[in-house]
1. Roughly how many whole Å is it from the C-alpha centroid of region 154-198 to that of region 63-136?
2. Can you pull the percent of the chain's accessible area that's carbon plus sulfur, 1.4 Å probe, other chains left in place?
3. At a probe radius of 1.4 Å, what is the per-residue accessible area of THR21, in Å² to the nearest 10?
4. Looking at the square roots a ≥ b ≥ c of the eigenvalues of the Cα gyration tensor of region 110-182, which shape do they give, rounded for a/c under 1.5, prolate if a/b is larger than b/c, or oblate?
5. Could you sort ARG143, ARG40 by their accessible area in this structure, using a 1.4 Å probe and putting the largest first?
6. Using a 1.4 angstrom probe and counting only protein chains, how large is the accessible area of VAL52 in Å², to 10?
7. Counting only C-alpha contacts under 8 Å and six or more residues apart, can you give the relative contact order of region 70-146 as a whole percent?
8. Return a whole-number percent for the relative contact order of the chain, with Cα pairs under 8 Å and 6 or more residues apart as the contact set.
Amino acid sequence: MPVAATASPKPGNYCPDTVATLHAVANDLSAGLDLTMRSRSAQINGNPATAVTDLNSVGSTLSLAASHGTAARTSLLIDAIIQAKPAADYARLLTWFPLLHASLQPLGDDAAARAADDLISRAEDIMQGDQEGDPLQLLNEARHMLACDGLDIPLQEAIQARDKLISSFSEHTKANAYDPLLKALHSALAYTLKSNEP
């Protein structure tokens, strides 16, 4: 079970404490770290094509690391809706809200889950024209309500560092260009292992 919030849940404090979830995240992060080191080594040894292939695989493992647990899964659904907004109208986005509500159900009567569901419902009402406001802001607030800052922040930093590295990658990329990605991976992995200590 995640660390349950009380009557007034604080955003960013919905952290998994199940060994299985933490192990799954740690496994994916470890694979991402290994692939990052392989990519860095390939670049140092003059094989940028292999370096890029390994970096592409890092992206996949980080996406998997961010997907474990009910709250994480729901957060990814929220991210998908937010990303779709520039290309979709509200009518299309509304078709995803039943899945959001269903995704939250396994969290039960937890205060943070209730708060996130309320924010999602308010965003849904705005998109339906029943209220005024910014639905995407409410969805972002719901996402943060389901996040664990200790894990989510370094994991998102790793994803962003990997994206930045691959977008600017060339045969002249230096080994130290990997440092932000490695630092973020270290922090995220340290959280999963420290949280799993007896």
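1. Region 154-198 and region 63-136 have Cα centres spaced 27 Å from each other.
2. Values: 5600 of 10430 Å².
It is 54 percent, rounded to a whole number.
3. 30
4. On the way: a/c = 6.58, a/b = 2.31, b/c = 2.85.
Taking the square roots of the gyration eigenvalues as a ≥ b ≥ c, region 110-182 is oblate.
5. Values: ARG143 30, ARG40 75 Å².
From most accessible down to least: ARG40, ARG143.
6. The accessible area of VAL52 comes to roughly 50 Å².
7. Working: 75 pairs, mean separation 28.6, N = 77.
After rounding, I find 37 percent.
8. Working: 263 pairs, mean separation 61.3, N = 198.
Computed value for the chain: 31 percent relative contact order.
The values are calculated or read from the model by the stated rules, or taken from the named source; none is laboratory data. Here the structure is a predicted model, which means the values were calculated and not measured. Accessible surface is based on the protein model in full, side chains and every heavy atom, while ligands, DNA and RNA are left aside. Shrake-Rupley method; radii C 1.70, N 1.55, O 1.52, S 1.80 Å.
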